[in-house]
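Each value in this text was obtained by applying a stated rule to the coordinates, not by laboratory testing. Owing to the predicted nature of the structure, the values given are computational and were not obtained by experimental measurement. As a convention, Cβ positions derive from the backbone with ideal geometry for all residues, glycine included, and neighbour counts pool all protein chains shown.
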Amino acid sequence: MNELVLATNNKDKVREFREMLRHSGLELSVLCLADFHGLPPVPENGRTFSENAAKKALFAAQATGKLALGDDSGIEVDALAGRPGIHSARFAGERATGKENNEKLLALLRDVTERRRQARFACFIALANPENIIDIAEGNCAGTIVMKPRGSGGFGYDPLFQPLEYHKTFAELSPSIKNRISHRARALEKALMMLEKYLYKAGAECAEDRD
């Protein structure tokens, strides 16, 4: 069975990824950074989602010697010129909680009407082996920012984000629906095709070496 390291210590992300990967059809043993002791902090100083995802994936692959998946995601609000973007996790400060980030976002949108609260979640996923980046996938989910938090599920900005064609926030939707329509699910769907292609090629090369 192939091992895949998730380049994160975020328990909520690990839970979502493991649930989505469980239905991938690929035989994967899914690990995360918490399964390895003594690793330094994951670098997250890129200028774009794509750059951060690549940095995380390559860091995890080189630190563990295994195939790794790194993701970077955030919410972009039109009325705030795309903010918080790559700063979503630390919008209200380096150690900000999800509640504090939500409160800051709502405060900045206090005078913005419902019709002008368009937003999107963006996610970039990078796959890497210890030598290099294999490929990068992107996923988006468009929607709006609601007037106040709704729902108890999910994490981060989920209580504020209502995806298009739904009347519930991510935090109100069931995990099965969110894991089908979210930005992370859409990016992962593309990443899995890349991963399947990579594993097939690696397996074919190993078979040739044995012949």
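With respect to Leu105, determine if the residue is among the hydrophobic types (A, V, I, L, M, F, W, C), touching a residue at least 40 places away in the same chain (Cβ under 8 Å) and more than 21 Å from Thr8 (Cα to Cα).
Here the answer is yes, as Leu105 does meet what is asked.
Yes/no per residue for (1) out of contact with any Asp or Glu (no Cβ under 9 Å at 6 or more places or on another chain); (2) in a loop (DSSP other than H, G, I, E, B):
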site	(1), (2)
Ala92	no, yes
Leu105	yes, no
Thr144	no, no
Met147	no, yes
Phe170	no, yes
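Among the residues of the range 14-30, is there at least one that is under 22 Å from Pro84 (Cβ atoms), without any contact (Cβ under 8 Å) to a residue 60 or more places away in the chain and either out of contact with any strand residue (DSSP E or B) (no Cβ under 8 Å at 6 or more places or on another chain) or of a type in the set (Ser, Thr, Tyr) (or both)?
No, that holds for no residue.
Give me a count of the residues in the range 119-156 that are surrounded by 15 or more Cβ atoms within 10 Å (Cβ to Cβ) and either of a type in the set (Phe, Trp, Tyr) or more than 21 Å from Glu189 (Cα to Cα) (or both).
12
For the list (1) farther than 25 Å from Leu188 by Cβ; (2) touching a helix residue (DSSP H, G or I) at 6+ places or on another chain (Cβ under 9 Å); (3) not in a helix (DSSP H, G or I), I need the number of the one condition that Arg110 fails.
With respect to (1) farther than 25 Å from Leu188 by Cβ; (2) touching a helix residue (DSSP H, G or I) at 6+ places or on another chain (Cβ under 9 Å); (3) not in a helix (DSSP H, G or I), Arg110 is out only on (2).
Report yes if Ala54 is buried (at least 18 other Cβ atoms within 10 Å of the Cβ), small (Gly, Ala, Ser) and under 13 Å from the mean Cα position of the chain (by Cα), otherwise no.
Criteria met by Ala54.
So, Ala57, is that one of a type outside the set (Lys, Arg) and not in a strand (DSSP E or B) or not?
Against the criterion (of a type outside the set (Lys, Arg) and not in a strand (DSSP E or B)), Ala57 qualifies.
Would you confirm whether any residue within the range 161-179 is within 25 Å of Lys56 (Cβ to Cβ), free of Cβ contacts under 8 Å to residues at least 12 places away in the same chain and of a type outside the set (Val, Ile, Thr)?
No: the range 161-179 contains no residue that is within 25 Å of Lys56 (Cβ to Cβ), free of Cβ contacts under 8 Å to residues at least 12 places away in the same chain and of a type outside the set (Val, Ile, Thr).
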